[in-house]
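Read-outs throughout are calculated quantities, based only on the coordinates presented, and are distinct from any laboratory measurement. These numbers were taken from a predicted model, which means no experiment stands behind them. So basically every Cβ, Gly included, is an ideal-geometry build from the backbone, and we count neighbours across all protein chains shown.
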Amino acid sequence: MEDPGWLSPREQGAWRAHLAAHRLLSHQLDRELQAFGLSLNDYEILVNLSESPEHRMRMSELADATIQSRSRLSHQISRMEAAGLVTREDCEDDRRGTYAVLTDLGWDTTQRVAPEHVASVREHFIDLLTPEQVATVEEIYTHVVDHIHSIRSAK
């Protein structure tokens, strides 16, 4: 077996710090959103729909945007439909396609929760960094995201 190029102590420390920060931050933000009856995944869907034209997205596009399987997204949308946050509509030009559409309650919820969520992101992430560190984090993660997207689109 070929040497996998083991991580140096510094590289391993950076990787583990990234994993811990991601998990802890996601868990904290998820806990804080629960006060509004939402999960972090629910909120991500609401934001994607709120930023889309006519507050709607094809389910396949929403699954890609939120990095969820079609099946998992379908179950989550069902739960959000039951809560009155979204609805599904058939695609007129593609009988197999379905749109997820933000309801008025979903829009109102997004508007009510967004300021609290942004305050949490600031408290637990942005305000802990200098402006230079924020720029570096953006640069680093943009590079990683672009790399992964290029791999996914090549398949």
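If you take the residues of the range 45-97 that are assigned to a strand (DSSP E or B) and touching a residue at least 12 places away in the same chain (Cβ under 8 Å), which of them is surrounded by the fewest Cβ atoms within 10 Å (Cβ to Cβ)?
Here the residue is Glu89.
Could you please find all residues in the range 116-155 being of a type in the set (Val, Ile, Thr) and in a helix (DSSP H, G or I)?
Val118, Val121, Ile126, Val134, Thr136, Val137, Ile140, Thr142, Val144, Val145, Ile148, Ile151 - these are the residues of the range 116-155 that are of a type in the set (Val, Ile, Thr) and in a helix (DSSP H, G or I).
Answer yes or no as to whether Leu33 is part of a helix (DSSP H, G or I), touching a Gly at 6+ places or on another chain (Cβ under 7 Å) and not acidic (Asp, Glu).
Considered against the rule, which asks whether it is part of a helix (DSSP H, G or I), touching a Gly at 6+ places or on another chain (Cβ under 7 Å) and not acidic (Asp, Glu), Leu33 comes out as no.
Among the residues of the range 1-18, what is the count of those that are surrounded by 10 or more Cβ atoms within 10 Å (Cβ to Cβ) and not in a helix (DSSP H, G or I)?
1
Which of the residues belonging to the range 98-110 are assigned to a helix (DSSP H, G or I) and in contact (Cβ under 8 Å) with a residue 24 or more places away in the chain?
Of everything in the range 98-110, those that are assigned to a helix (DSSP H, G or I) and in contact (Cβ under 8 Å) with a residue 24 or more places away in the chain turn out to be Gly106, Trp107, Thr109, Thr110.
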